[in-house]
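A.B. asks: Input: one structure, supplied below.
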Amino acid sequence: MDKIVHSIQANPNFVAVNYKYLISLGRGCQPGIHLKRNGLKQASLPLDWLVTRSSALISLFETHFDKFLDKDYLVAREHRAPYHEKIVNTFYNITFFHDFSVGGLLTELPAVQEKYARRIKRLYSILASEGPVLFIRTQLDEQSAQQLTR
């Protein structure tokens, strides 16, 4: 926790706020991992454990996750031996590393779709609630950050 606080306070633009929610916007698993490790993860949300580019993140919000787990855009790329298969959504170019067992894309897809539907609903519920929200993401360029705050 001290590293997180120091990193935030080292930012000259940082303003201390009591955030009601801390939301991982991913890029990889690191934001979700650190929130969980430091007891700051309040709920599972859709971007916690995914690899996403900034452009994909913006598209996900613009389309309200419309094609997020559409089977027509999901492709198995490689095995993460011995347990998981890397699945790529080719529409958004996002990668699922932790959700599908090897060879399980079609059989496991309905359960994964249900899990993410709950997470997406939870995310939009948080965004509609009152109180300040802190979005956490690794390696987001300034232009993409400005697009997300529109």
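The values are calculated or read from the model by the stated rules, or taken from the named source; none is laboratory data. Fair warning: this is a prediction, and the values are worked out from it, not measured in the lab. Every residue, glycine as well, gets a Cβ built from its backbone with ideal geometry; the counts of neighbours run over all protein chains shown.
A.B. asks: From the list 143, 139, exactly one residue is at pLDDT below 85, exposed (fewer than 11 other Cβ atoms within 10 Å of the Cβ), within 14 Å of the chain's Cα centre (by Cα) and farther than 16 Å from residue 75 by Cβ. Which is it? First the steps, then the outcome.
C.D. replies: Working: 143 fails: within 14 Å of the chain's Cα centre (by Cα).
Exactly one of 143, 139 is at pLDDT below 85, exposed (fewer than 11 other Cβ atoms within 10 Å of the Cβ), within 14 Å of the chain's Cα centre (by Cα) and farther than 16 Å from residue 75 by Cβ, namely 139.
A.B. asks: If you scan region 85-132, which residues turn out to be over 16 Å from residue 63 (Cβ atoms) and of a type in the set (Ser, Thr, Tyr)?
C.D. replies: Across region 85-132, the qualifying residues are 95, 101, 107, 125, 129.
A.B. asks: So if I check each of 31, 46, which one is out of contact with any Ser or Thr (no Cβ under 9 Å at 6 or more places or on another chain) and either modelled with pLDDT under 75 or not in a strand (DSSP E or B) (or both)? Full working, then the answer.
C.D. replies: On the way: 31 fails: out of contact with any Ser or Thr (no Cβ under 9 Å at 6 or more places or on another chain).
Exactly one of 31, 46 is out of contact with any Ser or Thr (no Cβ under 9 Å at 6 or more places or on another chain) and either modelled with pLDDT under 75 or not in a strand (DSSP E or B) (or both), namely 46.
A.B. asks: If you go through region 84-123 one residue at a time, how many are in contact with a helix residue (DSSP H, G or I) (Cβ under 9 Å, 6 or more places away or on another chain), hydrophobic (A, V, I, L, M, F, W, C) and in a loop (DSSP other than H, G, I, E, B)?
C.D. replies: Total meeting the criteria: 2.
A.B. asks: Of all the residues that make up region 56-83, how many are modelled with pLDDT under 90 and within 13 Å of the chain's Cα centre (by Cα)?
C.D. replies: The qualifying residues number 3.
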